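S.K.: Please find one structure pasted underneath; my questions will follow.
The values are calculated or read from the model by the stated rules, or taken from the named source; none is laboratory data. Since we're looking at a predicted model, the values are computed, not measured. When we count neighbours, we look across all protein chains shown, and the Cβ atoms used for this are built from the backbone with ideal geometry, even at glycine. Just so you know, the surface numbers come from the protein's heavy atoms only, side chains and all, with ligands and any DNA or RNA stripped out. Shrake-Rupley method; radii C 1.70, N 1.55, O 1.52, S 1.80 Å.
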Amino acid sequence: MNTPLQYLPAGRSAREIAASVESAVRRGELAPGDQLPAVRRVAGELGISPSTVAAAYRELHRRGLVGGMGRGGIRVCSHPPVSTRLALAAPPGTRNLVTGWPDPALLPAVPSDREPHRLYSEPPVLERLGDLATDQLERDGISARNLAVVSGAMDGVERVLAAWLAPGDRVIVEDPGHAGTHDLVAAMSFQPVPVGLDELGVRPADLASALARGAEAVILTPRAQAATGAAWDASRAGELREVLSRHPGLVVIEDDHAGPVAGVPPQSACAGLDRWAVLRSVSKSLGPDLRVAVLAGDEATVSRVEGRRALGAGWVSYQLQAIVAELWADPATRAWLANVAATYAARRQAMQAALARHGIAASGRSGLTSWIPVSDEVGVAAGLLTGGWAVAMGERFRIAAPPGIRVCYSTLAPAEATAFADDLARVLRQRPGRAD
């Protein structure tokens with residue numbers, strides 16, 4: 001990661017300079033991690049005031065295109081919010097353990113029947129879907145008195161943050177955590193505050209320490225944690241609830257993105273809190289193209305989310321809501337999803353057992369992904385590529401956490417786990433002192 005030797009933004013005003021940098025990012029002239037030239041150098045080259053360049057850089061920082069702004073320099077963010085953003089991908093010809101996506105073969109068939117056409121005056125939540133969601137949530141100890149439907153978990157996270165926070169506010173995030181969440185927080189001009197985790201999720205003491213330093217919101221994953229596969233048990237949920245309850249006015253968001261295929265029972269820490277939202281997405285269980293998540297929360301939060309949506313998109317397609325309702329109500333689909341959860345658990349356990357035979361620890365007790373601590377994540381990922389395995393380097397998911405690699409085992413059959421573990425052990429042996 002360095003400063004491109006030939007790059008210099010153009011323009012005479014802060015707006016023009018910011019637009020020039022954005023254009024360079026969009027065209028690929030500036031890559032994620034590239035450092036922008038120093039303010040005084042740009043000012044000297046363009047013959048303008050350093051304060052004009054600084055104002056342009058502040059605007060880029062506010063919009064989430066660059067980060068830093070300190071002695072380490074100003075760098076292009078890992079996933080700047082421009083149209084050229086790409087998802088994690090595996091090189092052609094490699095075994096893809098990168099993405100964190102569900103196994104397409106384990107997604108249920110989508111019903112072919114369609115909901116009758118609806119116009120503009122209908123309630124935003126389809127009644128049948130609302131009833132089914134209420135039954136689910138209340139059974140899990142989560143109040144469903146106030147419900148909204150959003151276009152996936154990340155849409156819900158963004159809408160809740162926008163409902164309560166202002167640029168510059170501090171948001172507690174898991175570290176390592178969901179890369180998309182980290183990117184979204186930066187793009188919305190909030191300050192991420194990383195907290196560490198163990199096998200049971202965010203550590204209560206770390207959360208308490210972060211809250212003592214000040215924060216306006218916290219985003220938590222109760223199960224199927226995106227980087228490590230951590231999951232709360234009832235005791236951890238209670239400990240976190242006790243910490244959160246000491247901070248009235250704090251916005252608490254729980255992203256339960258994997259739902260019934262997470263492999264462990266649901267937990268929540270939101271009971272009795274002032275401002276909260278629990279998101280249940282269907283992307284991992286029913287398919288990412290069904291852009292549906294149910295959002296339960298306190299009255300003010302749900303009202304703000306629905307009120308703002310009504311001014312823009314209006315509602316989530318009733319056709320999509322009807323498909324989700326039909327699948328949720330179908331006993332065969334529920335049985336299918338239970339089998340899918342067991343399949344993912346078997347794949348995780350097979351991989352962890354194969355790695356353990358080499359003395360390699362891999363985290364995770366739920367979900368689709370596992371974290372393996374290594375000191376040289378770039379070298380280990382490159383070494384695995386020589387054996388045909390594509391894994392994700394941990395830098396994409398961490399802020400202050402130690403390095404590692406993230407492995408998505410959702411498609412890794414137990415028969416393949418031994419070969420993967422053997423190759424990882426080979427790479428680690430070739431890099432003495434590099435494995436934690």
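S.K.: Run the helix sum for the chain: -39,500 (n - 2.57) per DSSP H stretch of 4+ residues, divided by residue count, reported at 222 nm to the nearest 500 deg cm²/dmol.
M.R.: The helix contribution divided over the chain gives -12000 deg cm²/dmol.
S.K.: Comparing Arg159, Arg15, Arg365, which has the greatest mean-square fluctuation in the GNM of the chain with Cα pairs linked when under 10 Å apart?
M.R.: Highest fluctuation among the options: Arg15.
S.K.: With charges only on Cβ, +1 for K and R and -1 for D and E, what is the dipole size of the range 180-310 about its Cα centre, in debye, rounded to 20?
M.R.: 220 debye
S.K.: Over 5 Å intervals from 0, what percent of Cα-Cα pairs in the range 236-387 sits in each interval?
M.R.: Values per bin, smallest distances first: 2, 8, 12, 14, 15, 14, 14, 10, 7, 4, 1, 0.
S.K.: If you take every DSSP beta bridge whose two residues both sit in the chain, what share of them, in percent to the nearest 5, is antiparallel?
M.R.: Of all bridge pairs located within the chain, approximately 55 percent are antiparallel.
S.K.: Let's test the formula: R0 of 25 Å, r as the Cβ-Cβ distance of Asp140 and Arg203. What FRET efficiency results, to the nearest 0.05?
M.R.: Step by step, r from the Cβ atoms, then E = 0.60.
S.K.: Another question about this same structure. Let me check something: with ligands and nucleic acids excluded, how do Met188, Met154, Met351 order by accessible area (1.4 Å probe), largest to smallest?
M.R.: Heavy-atom accessible area, descending, gives Met154, Met188, Met351.
S.K.: Another question, if that's okay. Could you calculate the contour length gain from Gln191 to Arg26, that is, 0.36 nm times the residue separation minus the distance between their Cα atoms, to one decimal place in nm?
M.R.: Value of the extension gain: 57.0 nm.
S.K.: Per the 1.4 Å probe, what fraction of the accessible area of the chain, in percent, lies on carbon and sulfur atoms?
M.R.: Using a 1.4 Å probe with all protein chains present, the chain comes out at 53 percent carbon and sulfur.
S.K.: Per residue, how large is the accessible surface of the range 206-270? Use a 1.4 angstrom probe and give square angstrom.
M.R.: Roughly 29 Å² per residue, with all protein chains present.
S.K.: Could you please put His79, His117, His358 in sequence from largest to smallest accessible area, using a 1.4 Å probe?
M.R.: Solvent-accessible surface, decreasing: His117, His358, His79.
S.K.: Could you check the simple spin-label distance between Asp289 and Ala419, using points 7 Å along Cα→Cβ, in nm with one decimal?
M.R.: Here the answer is 2.9 nm between the modelled labels.
S.K.: Continuing with this model, one more query. Could you tell me which residue out of Ala329, Ala186, Ala350 lies farthest along the dipole of the chain toward its positive end? Charges go on the beta carbon: Lys and Arg +1, Asp and Glu -1, centred on the Cα centre.
M.R.: Value: Ala186.
S.K.: On each of the three principal axes of the Cα atoms of the range 312-410, give max minus min coordinate, whole Å, ordered largest first.
M.R.: So the three principal-axis extents are 48, 38, 26 Å.
S.K.: Starting from one equal scatterer on each C-alpha and no solvent at all, send me the Debye-based log10 I(q)/I(0) for the range 34-180 at q = 0.13, 0.16, 0.17, 0.21 Å⁻¹, two decimals.
M.R.: -0.97, -1.18, -1.24, -1.43
S.K.: Given +1 on the Cβ of Lys and Arg, -1 on the Cβ of Asp and Glu, and no further charges, what dipole in debye does the chain carry about its Cα centre, rounded to the nearest 20?
M.R.: The calculation lands at about 1160 debye.
S.K.: Using the Cα atoms of the chain to build a convex hull, what is its mean projected area in square nanometres?
M.R.: 22.6 nm²
S.K.: Of the listed peptides 17-27, 219-229, what is their order by residue-averaged count of other C-beta atoms within 10 Å, with the highest listed first?
M.R.: Going from most to least packed, we get 219-229, 17-27.
S.K.: If amide hydrogens are placed 1.01 Å from N in the peptide plane, which non-local residues have theirs closer than 5 Å to the one on Val66?
M.R.: Answer set, sorted by chain and number: His61, Cys77.
S.K.: Short version: ³J(HN,Hα) in whole Hz for each residue of the range 241-252, in order, from phi by Karplus 6.51 cos²θ - 1.76 cosθ + 1.60 (θ = phi - 60°), x for Gly and Pro, what are they?
M.R.: Ordered by residue, 3J(HN,Hα) equals 4, 5, 5, 5, 5, 7, 10, x, x, 5, 8, 10 Hz.
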